[in-house]
Amino acid sequence: MPLKDCGIIELPKVTDPRGNLTFVEGGNHIPFDIRRVYYLYDVPGGADRGEHAHKALHQFVICMSGSFDLLLDDGFDKKQFHLNRSYYGVYVCPMMWRYLDNFSSGAVCMVLASEPYSEADYIRDRGEFLRAVGAA
Ligand code: TYD
């Protein structure tokens with residue numbers, strides 16, 4: 001899928017003097033059913049995550065606290081997002097190289113995913129990814 005199909009999706013925000021509330025419904029606010037949730041936290045300063053692509057997995061990345069940068073790359077073009085609010089996220093379609101860095105202290109990155117964990121769905125070699133998308 002092309003890079004233009006990935007990007008920011010704003011989520012519903014129920015503002016309330018007692019505290020705001022945001023929710024996500026798979027297949028409604030995001031274009032896939034949610035079968036897994038995982039999160040990154042206690043990320044040390046200067047660390048980076050990601051640096052791989054998924055063959056078939058759809059994901060939605062939300063910054064629950066703090067901030068970090070997400071770079072998406074389809075082998076031809078790149079898009080960078082600075083995430084620092086929990087009422088929107090970035091939809092990441094399959095076959096997209098992703099790189100996360102610039103985590104603030106206390107940052108929490110939550111990812112909603114369309115499938116359970118499967119190492120067979122990963123492409124961790126950059127050269128293999130570029131060949132698979134026809135960019136090398
Ligand atoms: P990985 O996806 O490579 O981390 P990141 O891209 O954020 O740097 O996952 C790191 C390790 O955690 C890897 O050995 C597999 C394991 N893991 C699971 O067991 N289940 C999961 O749902 C995820 C996302 C990772």
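The values are calculated or read from the model by the stated rules, or taken from the named source; none is laboratory data. All values reported here derive from a predicted model rather than from experimental measurement. Don't worry about glycine lacking a Cβ; one is built from the backbone with ideal geometry, like all the others, and counts go over all protein chains shown. Calculation scope for accessible area: heavy atoms of the full protein, side chains included, ligands and nucleic acids excluded. Shrake-Rupley method; radii C 1.70, N 1.55, O 1.52, S 1.80 Å.
Descriptive notes on the structure:
- Candidates ASP101, ASP69, ASP42, filtered to the one that is free of Cβ contacts under 8 Å to residues at least 12 places away in the same chain and not basic (Lys, Arg): ASP42
- Scanning segment 40-64 for residues that are under 19 Å from ILE9 (Cβ atoms) and away from the ligand (no atom under 13 Å from the Cβ) yields a total of 5.
Yes or no, residue by residue, for (1) within 16 Å of the ligand (Cβ to nearest atom); (2) open to solvent by 40 Å² or more (accessible area, probe 1.4 Å):
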{"site": "TYR91", "(1), (2)": "no, no"}
{"site": "LEU100", "(1), (2)": "yes, no"}
{"site": "ALA113", "(1), (2)": "yes, no"}
{"site": "ALA120", "(1), (2)": "yes, yes"}
{"site": "ILE123", "(1), (2)": "yes, no"}
{"site": "ARG126", "(1), (2)": "yes, yes"}
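- Test result for MET95, touching a residue at least 40 places away in the same chain (Cβ under 8 Å), in a loop (DSSP other than H, G, I, E, B) and within 13 Å of the chain's Cα centre (by Cα): yes
- Of the residues making up segment 9-60, those that are farther than 30 Å from GLY127 by Cβ, of a type in the set (A, V, I, L, M) and not in a loop (DSSP other than H, G, I, E, B) are ILE9, VAL14, LEU21, ILE30, VAL37.
- Residue within segment 11-30 that is under 19 Å from ARG98 (Cβ atoms), surrounded by fewer than 13 Cβ atoms within 10 Å (Cβ to Cβ) and under 16 Å from the mean Cα position of the chain (by Cα) present: no
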